[in-house]
Amino acid sequence: MNNEMTKKDTDKDNNKKNRSETDKLEKKRARQKKQKDLIKSRHISQTHFIAAGFLLMILLGGFLLMLPISSRDRTWTDPLSALFTATSTSCVTGLAVVDTYSHWSLFGQVVLLTLIQIGGLGFITIGVGFSMVFRRRIGLRQRDLLKESVNAFEIGGIIRLWKNIFYGTLIFEGAGAFALAFRFIPEYGFARGLWYSIFHSISAFCNAGFDLFGQKEKYSSFVYYVSDPLVNIVLCLLIIIGSLGFVVWKDLVANGFHFKKYALHTKLVIVINTVLIIGGAVFLFISEYGNTIADFDMKTKILASLFGSVTTRTAGFNTVDTAALTPASKLVTMILMFVGGSPGSTAGGIKTTTFAVILISVLSNLRNQSGANVFKRRVSEDVVSKAYQVFMLNLILALTSMTLILLTSNLKFDDVLFEVISAVSTVGMTTGITRDLNTFGRIMIMLLMYAGRIGSMTFALSLISPNKKQPVTLPVEKITIG
């Protein structure tokens, strides 16, 4: 009898324990589902958060740049010029209405560099860094915002990715500054040479396009270093590394030089970047051979062509006069600017993967293939649809702004087209009309830089509230295309 009672009690305890474990498991699943639903429901709020964060950073930067301490002659800078410069630096563009060296004091230059660094990495990334320094818990909300900010595929491992971004940025910018110091310290002295090395290394890595060589000639950028291999190669490497994307860094570190092991995203980024850089350099070499690079030796011709191809991918520096380029070179430059860098990087543009997906989709349709196929993989229909949306949104933003600027000014068509593509792609190259823009034109360029930095999709979503998904599918009706 006692044995039977003991057995019943044991079975009862086991049943209670099993029910308890089942309840815990169900609660855990319910909690995970609730978290996923919460993240999904907050998608638009995240979009607004990122858009508002950049806007606040621009306004704060504009206020600091207005102060007399920020200008070299210790006078107040007019609000529009200060706000334009803050927008250009925060959005890592490089367009300028005042010369960086001759107008801004050391304090002003520090403000510019701070905005460039925050704008390049993203204020979410910097905010997470401060949280980690002060040992604050990184919650699900912050992790999801960080995932959105760096275009990661998933939340899992996002803090590890942030550490890779942080240490990678320090290493690359530090190495760039160290290399440039061998050129700038002998030329400008230790203190100024070191500052120039740090400033231009960060500006290049963040694809910002701001420089301090106005003491040689205002708005001259790197034209005085067109034949310098050290400066050209270091800047090109910094621009390329910064524009690859943080997710690509992770893949490259994990798999080394084993191309077959890379994720499809990484393969597309590497292939498209290589094709655009080499193709752009070859075209510029041929097109400018008898023009802007005609008086250079062969080594300088090659350096100038390569630098011109790399910097158009949203960096904004130049070693030859952009306004003097042939019409064909300007067209190719605009195409390269429009494509830009890669997702989750310091670069802008529609992104290399967007360009690749559209190209793959068109070729697959022409070949009558099922879906967009590449490297023995199929790109999802959602990604293809988003690629076309991004392309069209950027194109609409550029063309609409160009039309409005032309209506309110006497500027040339090709110059305005070049300027708006440079702005919406956050490149910073210009034919020289930035300073000639009227108030309305500057505001339009500021809006384009802002939209280009946060992303055209994010910009559109921050302005409109999407309708709820329809519970029924509407009937199909044919229309004629082509």
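Ile69 falls short on exactly one of the conditions (1) at pLDDT 95 or above; (2) within 30 Å of Thr322 (Cα to Cα), and that condition is (2).
When every residue of the range 358-368 is checked against the conditions, at least one turns out to be without any contact (Cβ under 8 Å) to a residue 24 or more places away in the chain and hydroxyl-bearing (Ser, Thr, Tyr). Note on the range 63-87: residues that are within 20 Å of Ile443 (Cα to Cα) and not in a loop (DSSP other than H, G, I, E, B) total 13. Answer yes if at least one residue in the range 250-263 is out of contact with any Asp or Glu (no Cβ under 9 Å at 6 or more places or on another chain) and touching a residue at least 60 places away in the same chain (Cβ under 8 Å), and no otherwise. Looking for residues that are out of contact with any Asp or Glu (no Cβ under 9 Å at 6 or more places or on another chain) and touching a residue at least 60 places away in the same chain (Cβ under 8 Å), one finds at least one in the range 250-263, hence yes. Scanning the range 279-299 for residues that are closer than 25 Å to Gly242 by Cβ and either touching a residue at least 60 places away in the same chain (Cβ under 8 Å) or within 21 Å of the chain's Cα centre (by Cα) (or both) turns up just one, Gly280. Within the span defined as the range 89-103, every residue fails to be free of Cβ contacts under 8 Å to residues at least 60 places away in the same chain and over 15 Å from Arg435 (Cα atoms).
Among residues of the range 406-424 that are under 19 Å from Ser88 (Cβ atoms), those with a Cβ under 6 angstrom from a residue that is in a loop (DSSP other than H, G, I, E, B) and of a type outside the set (Val, Ile, Thr), sequence gap 6+ or separate chain, pair up as Ser422/Met429.
Each residue in the range 351-380 was checked for being under 28 Å from the mean Cα position of the chain (by Cα) and assigned to a loop (DSSP other than H, G, I, E, B), and 3 pass.
Considering the range 220-303, the qualifying helices (runs of 4 or more DSSP H), each wholly inside and each with 1 or more residues that are exposed (fewer than 14 other Cβ atoms within 10 Å of the Cβ), on the phi < 0 side of the Ramachandran plot and in contact with a Leu (Cβ under 7 Å, 6 or more places away or on another chain), run over 229-244.
In this structure, is Ser342 among the small types (Gly, Ala, Ser), outside any loop (DSSP other than H, G, I, E, B) and in contact with a helix residue (DSSP H, G or I) (Cβ under 9 Å, 6 or more places away or on another chain)?
Judged against the criteria, Ser342 is not a match.
Could you figure out which of (1) crowded, with 21+ Cβ neighbours inside 10 Å; (2) within 28 Å of Lys218 (Cβ to Cβ) isn't true of Ser345? So Ser345 meets the others, but not (2). Taken residue by residue, the range 393-404 has no member that is out of contact with any Cys (no Cβ under 7 Å at 6 or more places or on another chain), surrounded by 17 or more Cβ atoms within 10 Å (Cβ to Cβ), modelled with pLDDT under 90 and under 25 Å from Cys206 (Cα atoms). Inside the range 304-330, residues that are of a type in the set (A, V, I, L, M, F, W, C), over 11 Å from Gly280 (Cα atoms) and either surrounded by fewer than 24 Cβ atoms within 10 Å (Cβ to Cβ) or modelled with pLDDT of 95 or more (or both) make up a count of 6. In summary, helices (runs of 4 or more DSSP H) completely within the range 410-477 and bearing 3 or more residues that are at pLDDT 80 or above, under 16 Å from Thr85 (Cβ atoms) and not polar (S, T, N, Q) occur at 439-454.
Checked against the criteria, Val383 counts as surrounded by fewer than 23 Cβ atoms within 10 Å (Cβ to Cβ) and closer than 29 Å to Thr169 by Cβ.
The values are calculated or read from the model by the stated rules, or taken from the named source; none is laboratory data. Everything quoted here is computed from the prediction, not taken from an experiment. All Cβ positions, glycine included, derive from the backbone under ideal geometry; neighbour counts span all protein chains shown.
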